[in-house]
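The next block holds one structure in the form of structure tokens; read it before the comments.
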Amino acid sequence: MPVVSNSSPLIGLEQIGQLDLLRSLFGEIFIPDAVATEVSTTVRLRSWIRTRSLLHPLLAETQTPALGVGEREAICLAVEMQASAIILDDEPARKTANKLNLPVIGTAGVLVLAKERQLIGSVRACLDALVDHRFYLSRSLYELILSRVGELKDNEQWSSLVLLSGLRDADFPGVWGRLASCGLYRV
């Protein structure tokens, strides 16, 4: 099944030299016209990144000022194509996609999946490179991800679990059970 992406994951992965992970993980990636326009100056589109125009008007659920035009079109394209996943980072876009029952994965989730499939050796190095390119990632999410992939150093502390409430088990399968077993989260 197809996977649709918004611009920020494409830009971030291109900046750190890891865009080809998407091909290794998902085969083809589909983007709407607005995303193609947004990334035109920062991402060299590969043959496996396919631009697809929307066939229907934007969904009412996407008509909110919290979403950019690329996010709106990406969500609508994912619905039209019955995508197996949509790659989104911004919280308002993720919430909208979740309301439309779209499976969502973020850039960090792509990196976790890539490590699990042994496509990269270090999630930490990739996250640090993203942060160096002004990619926003809360400290608590950073630590959660590193813990999930076994890269959290002994001297690092969990900052806060308050910000973790927006994560879904689909983003990091089984993470809530593992956090609960460590006494870090109550189910």
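Where a number appears in this text, it was derived from the coordinates with a stated rule and is not lab data. All values derive from a computational prediction rather than experimental measurement. Cβ sites come from the backbone with ideal geometry, for glycine too, and all protein chains shown count toward neighbours.
With Cβ to Cβ distances under 13 Å as the rule, what net charge do the other residues near residue 134 carry (K, R +1; D, E -1)? My count for the surroundings of residue 134 gives -3.
Pairwise inverse Cα distances across the range 3-107, averaged and inverted, put the Kirkwood hydrodynamic radius at 13.3 Å.
In summary, the range 89-146 shows an alpha-carbon radius of gyration equal to 1.20 times the 2.2 N^0.38 Å reference for compact globular proteins. Summing Lys and Arg as +1 and Asp and Glu as -1 over all other residues whose Cβ lies under 12 Å from the Cβ of residue 26 gives a net charge of +1. Our coupling estimate for the range 9-15, obtained by passing each phi through the Karplus curve with A = 6.51, B = -1.76, C = 1.60 and θ = phi - 60°, is x, 5, 5, x, 5, 5, 4 Hz, Gly and Pro reported as x.
Taking only the Cα atoms of the range 19-66, the ratio Rg/Rh comes out at 1.04, with Rh defined as the Kirkwood radius.
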